[in-house]
Structures are given as C-alpha cells and as structure tokens.
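**Q** For reference, the structure I am asking about is given below.
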Amino acid sequence: MPGSWTWTDAAIFIAVFTGIRIAVIWMATQIFTAILPEGDACPVCNAETYALERQGIWKALGPRFRRSFCIGCGWDGVMRRSDAWMAMLKERRVPKAPSAKRR
C-alpha cells in the first residue's frame, strides 16, 4: 500500500533524527569550548588570574577547565587550562602503589 509507514521506516526516522541531535549537541559543545579563553591571563586586562576553588556544578567540568578571578579588573569566569599544564599534570601523576592483600 503506497504511503503507509512500517516499523522499519519509524526506526530509520528515529535513528536519523537522534543522530542529527547528537551531532548538533557535540558541535555546540566544541564551539563553546573553543570560545573559552586558554591560559592564566585575564581576557579583559591581560593580568594574571587566580584559580578559585571549584564547588558544586563546577566540579563536573573536570580538570580541563578552571574558575578564575582577576584581581586587576574583577573579572571572573571559566578558563581552559593550557595543553602545557595538562601535559605537566599527566607527567606529575604518581602511579598507585600495589595494595597489600590481607590474609
């Protein structure tokens, strides 16, 4: 019967639109991440910023992002940590010692 839908058509429709939605969310996340300033310099006055303690939802951002505050102009916001800082962090990590098994 022409013009009738089947379950296969519905599954394809749902898969395509789910894929499109995931692609849009991923692209928006990549653009938002690229917009965030990188490093320790304030984007407003170029002075050094100080890291703030992450509390609440800010902890969910992970180690790649940090909250910062500029003493010079009072700017506060989220910044990306530089690739050099991330490499230093990976290098500095000490492997865990093997745990002693209790008998």
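Values in this text are rule-based calculations from the coordinates and carry no lab data. Everything numeric in this text was worked out from a predicted model, so none of it was measured. Because the Cβ atoms are built from the backbone with ideal geometry, glycine has one as well, and the counts that use them run over all protein chains shown.
**Q** Report D for region 1-78 in µm² per second (integer): Stokes-Einstein, Kirkwood Rh on Cα pairs, 20 °C, 1.002 mPa s.
**A** The Stokes-Einstein estimate is 133 µm²/s.
**Q** Grab the beta carbon distance between Leu52 and Val16, set R0 = 30 Å, and tell me the FRET efficiency rounded to 0.05.
**A** For R0 = 30 Å, the calculated efficiency reads 0.10.
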